[in-house]
1. How many times 2.2 N^0.38 Å is the alpha carbon radius of gyration of segment 2-93?
2. Calculate what fraction, in whole %, of the accessible area of segment 198-302 sits on carbon and sulfur atoms when a 1.4 Å probe is rolled over the protein chains.
3. Which of the lysines could a cross-linker span from LYS68 if the Cα-Cα distance has to be under 16 Å and same-chain partners fewer than 8 positions apart are dropped?
4. In whole Hz and in residue order, list the ³J(HN,Hα) couplings for segment 268-274 that follow from phi through the Karplus curve 6.51 cos²θ - 1.76 cosθ + 1.60, θ = phi - 60°; x for Gly and Pro.
5. In debye to the nearest 20, how big a dipole does segment 176-302 give about its Cα centre with +1 on each Lys and Arg Cβ and -1 on each Asp and Glu Cβ?
6. So how long is each side of segment 46-87 along the principal axes, counting just the alpha-carbon atoms, biggest first, in Å?
7. With all protein chains present, how much of the accessible area of segment 75-181 (probe radius 1.4 Å) comes from carbon and sulfur, to the nearest whole percent?
8. Taking H placed 1.01 Å from N in the peptide plane, check which residues at least 5 places from MET214 or on another chain put their amide H under 5 Å from its amide H.
Amino acid sequence: MKQPTLVVLAAGMGSRYGGLKQLDGLGPSGETIMDYSIYDAIRAGFGKVVFVIRHTFEQEFREKIISKYEHKIPVEVVFQDLDKLPAGYTVPEGREKPWGTNHAVMMAEAVVKEPFAVINADDFYGRHGFAILADKLRSFSDTRDKYCMIGYRVGNTLSESGTVARGVCQVDERGFLTEVVERTAIARGEDGRISFTDENGQVQYLDDNSPVSMNMWGFTPDYFDYSNELFCHFLKALDTNPKFEYYIPLPVNLLVAEKKVTVEVLDTPDQWFGVTYAADRPDVVAKIQSLVDAGEYPSKLF
């Protein structure tokens, strides 16, 4: 069986953090959240890591980030830039906004020939999710059109500092995805219930165990062909939606609706966390320290 590859979406780092210098050390030895993801991927049996970054911070990224991992696991770097478009398309005048997460995934096509996972660089996913995903991807070695995702329990993904946006997953009786719907302003109320307001202004409630997408996906290489084809369709629609971004759930929802692929939703008990708000930082530091204290991670990763 082929060892799966991990694709890490890191092209937003420079703008999101105000420069890589502010890539925050949250672990007891100055580890970043991404350090924990790479550590978990290595022990889950991923065979390679591909970072999707932008040319503008390549040198700094190689020096400060990749140097930590390159002797632990094979590493590749690919680039997401605005002008990385299919033949016949050009960047619209005035467009500065990036093309989104699925465009970033497409940048890895040349270096990924095996089943692969996709994650965000700045999210803490937990070790179980990586182990579950690696096992499933190894079983996909000789298949196509069979994908998966880690469905986090929404109650394990909330922030104590404010509301969050989550891709709420609709799942059939067999555990396969039927749709991902982006919901905003999700929070736990004073009554302990988790809720959001839908597009009709109605308050809707979610069970604590309702699965949500935190952008932890598993694909086989045929996904690149689908992505390229659908990206052309989306680019043609830019006249009506100039700020359009090509997020992963867009092609996934279309492919599922057309029954071209299946996406198995895999449950994990892990608690997701990240620094959504500045006020989240002390809580994240404390959560990582508690995992170290419990023996889940060493006090120094690399």
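1. Normalised Rg, Cα atoms only: 1.20.
2. Carbon and sulfur together cover 52 percent of it.
3. Partners found: LYS21, LYS48, LYS300.
4. 9, x, 5, 8, 7, 7, x
5. 300 debye
6. Sorted largest first, the three principal extents are 37, 23, 9 Å.
7. The computed percentage sits at 45.
8. TYR152
The values are calculated or read from the model by the stated rules, or taken from the named source; none is laboratory data. In this text, all values refer to a predicted model and were calculated from it rather than measured experimentally. Virtual Cβ from ideal backbone geometry, glycine too; neighbours counted across all protein chains shown. Calculation scope for accessible area: heavy atoms of the full protein, side chains included, ligands and nucleic acids excluded. Shrake-Rupley method; radii C 1.70, N 1.55, O 1.52, S 1.80 Å.
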